[in-house]
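Please read through the structure below; I'll follow up with questions.
The values are calculated or read from the model by the stated rules, or taken from the named source; none is laboratory data. Remember, it's a predicted structure, so these values are computed and weren't measured experimentally. Positions of Cβ are generated from backbone atoms using ideal geometry, with glycine treated the same way; all protein chains shown enter the neighbour counts. In case anyone asks, the SASA skips ligands and DNA or RNA and just uses the protein heavy atoms, side chains included. Shrake-Rupley method; radii C 1.70, N 1.55, O 1.52, S 1.80 Å.
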Amino acid sequence: MNFLDGSLHPENQEKLVITCAPYGPEWMPADFPGDIPVTMQEHVQKAVDCYNAGATVLHLHVRELDGHGSKRLSMFNELLDRLRTAVPKMVLQVGGSISFAPEGEGEVAKWLSDDTRHMLAELTPRPDQVTVAVNTNQMNIVEQMCEADLRGTSIGEPAMYHAYREMTIPAGPGWLEEHIKRLSANGIQSHFQLANITQLETIERMMRRGACNVPLILTWVAIGGGFDAPNIYNLANFVRACPDGSVLTLESSMLNVLPVNMMAIAMGLHVRCGIEDNIWTQDRKEKMSSVRQIEQLVRISEEFGRGVADGDEAKRIYRIGEFYKDADETLARNGFAPNRKVRAA
């Protein structure tokens, strides 16, 4: 991305799109009583509350009544159906892992089989987006967390800590290409969750050979443990590699969430918050609900002079519903240089 004179002026920036992840599948309900929804009605009400606070993208997971993350696609279908009525203007984004929560205490966190993961393309009603991982990668979400982050939570228990420490993301080239193909065929946008520049380069190569004819909608996930660490050097390097036609949201974890989001607001990028990413106030004196996190970002953005996108604006900024016919159109729309022309022998 190029930052010309005036790039930091709010009148030259898109309005802020706030993604909220309020379902926190890695936590158990006792970790944050009152803010972790369990029943279906609580899931729906949480989405309504987040939308009313200013979030226009909902990153969703579903929880069973026993408190564990659901891996039943029927539960996702039910929630999507109810959300289409309750928050019709919200961008509905299904977490492509189905759920990061281990199925049993001490069990290593597992993704479902490739065939089951591809079934996300068959969700009914269809979501606007499914998050897509690129390249098989470690996802040790606790590596950069400290004892204070996890004190008194279920992840602080040794067995659960070990499960999340050993978590990996299987996202090899065959699965990735097929997954994007199926999502696109069903009108679902691939929202790429990227750990580093190498994964961005993989997407670019796919686009150049016509295997990924979609908008370049990205989240830079700076959580360590196989992903970039949340520091200004990694951020600047990643942002510089993104073409001008891409749309970039920043994500981090725990007390890194707020400062990373403040940088995103200032730079004209977009933000993500919610208890899936952080449960603490910056002084760790109390837990902070997803709605309070949204309200905080709305206030900060308005103080920067940058307005917050409504649902229709978020769908336009995120280019919901756009797909491209070939590599040439994809590269041009996303701001990449065109493919080299092959010279005649």
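Per residue, what accessible area does the chain have, given a 1.4 Å probe and all protein chains present, in Å²? Numbers along the way, then the final one.
Details: 14410 Å² over 345 residues.
Counting only protein heavy atoms, the per-residue value for the chain is 42 Å².
Now for a separate question. In the neighborhood of LEU250, defined by Cβ-to-Cβ distances under 13 Å, what is the net charge if each Lys or Arg adds +1 and each Asp or Glu adds -1?
Within the 13 Å Cβ shell, the charges total -2.
Another question, then. Suppose R0 equals 56 Å. What FRET efficiency, 1/(1 + (r/R0)^6) with r the Cβ-Cβ distance, do VAL38 and ASP5 give to the nearest 0.05? Don't skip to the end; give the middle numbers.
Values: r = 51 Å, r/R0 = 0.91.
That pair, VAL38 with ASP5, gives E of 0.65.
Given a 1.4 Å probe and every protein chain left where it sits, what share in percent of the accessible area of the chain is carbon and sulfur?
Numbers: 7270 of 14410 Å².
The computed percentage sits at 50.
Let me ask another. Need one number: nm distance between label points at HIS118 and ARG151, each 7 Å from Cα along Cα→Cβ, rounded to one decimal.
4.8 nm
Springs between alpha-carbon pairs under 10 angstrom, Gaussian network model over the chain: which of ILE217, ILE265, ILE232 fluctuates most?
So, out of ILE217, ILE265, ILE232, the one fluctuating most is ILE232.
Can you give me the relative contact order of the chain as a percent, contacts being Cα pairs under 8 Å and 6 or more apart?
Numbers: 653 pairs, mean separation 78.7, N = 345.
After rounding, I find 23 percent.
Could you give the distance between the Cα centres of the stretch 1-53 and the stretch 306-339, to the whole Å?
21 Å
Additional query: LYS89: which aspartates and glutamates have alpha carbons under 20 Å from its alpha carbon, excluding same-chain residues fewer than 8 sequence positions away?
GLU14, GLU42, ASP49, GLU78, ASP81, ASP128, GLU295, ASP310, ASP312, GLU313, GLU322
Quick one: of the DSSP bridges fully inside the chain, what percent are antiparallel, nearest 5?
Details: 4 of 33 bridges.
Counting DSSP beta bridges with both partners in the chain, the antiparallel share is about 10 percent.
Between [x] 14.8; [y] 18.6; [z] 17.3, which matches mean projected area of the Cα convex hull in nm² calculated for the structure shown?
Of the labelled values, this structure produces [z].
Once both axes come from the Cα atoms, what is the angle between helix 173-185 and the longest principal axis of the chain, in degrees from 0 to 90, rounded to 10?
Roughly 90 degrees, rounded to the nearest 10.
Of GLN282, GLN296, VAL308, which is farthest on the positive side of the dipole of the stretch 281-331, counting Cα position, with +1 on Lys and Arg Cβ, -1 on Asp and Glu Cβ, and the Cα centre as origin?
Selected residue: GLN282.
Another question, if that's okay. So which trypsin sites (Lys or Arg not before Pro) in the stretch 247-345 pass both tests, a DSSP loop state and at most 12 other Cβ atoms within 10 Å of the Cβ? Let's see the in-between values first.
Values: sites: ARG272, ARG284, LYS285, LYS287, ARG292, ARG299, ARG306, LYS315, ARG316, ARG319, LYS325, ARG333, ARG340, LYS341, ARG343; in loops: ARG284, LYS285, ARG306, ARG319, LYS325, ARG340, LYS341, ARG343.
The qualifying sites are LYS285, LYS325, ARG340, LYS341, ARG343.
Based on the Cβ-Cβ distance from ASN12 to ASN339, what FRET efficiency comes out when R0 is 41 Å, to the nearest 0.05?
Numbers: r = 30 Å, r/R0 = 0.74.
That gives a FRET efficiency of 0.85.
Shifting gears a bit: As I understand it, the value is the acute angle between the Cα axis of helix 232-241 and the longest principal axis of the Cα atoms of the chain; what does it come to in degrees, rounded to 10?
So the inclination is approximately 40 degrees.
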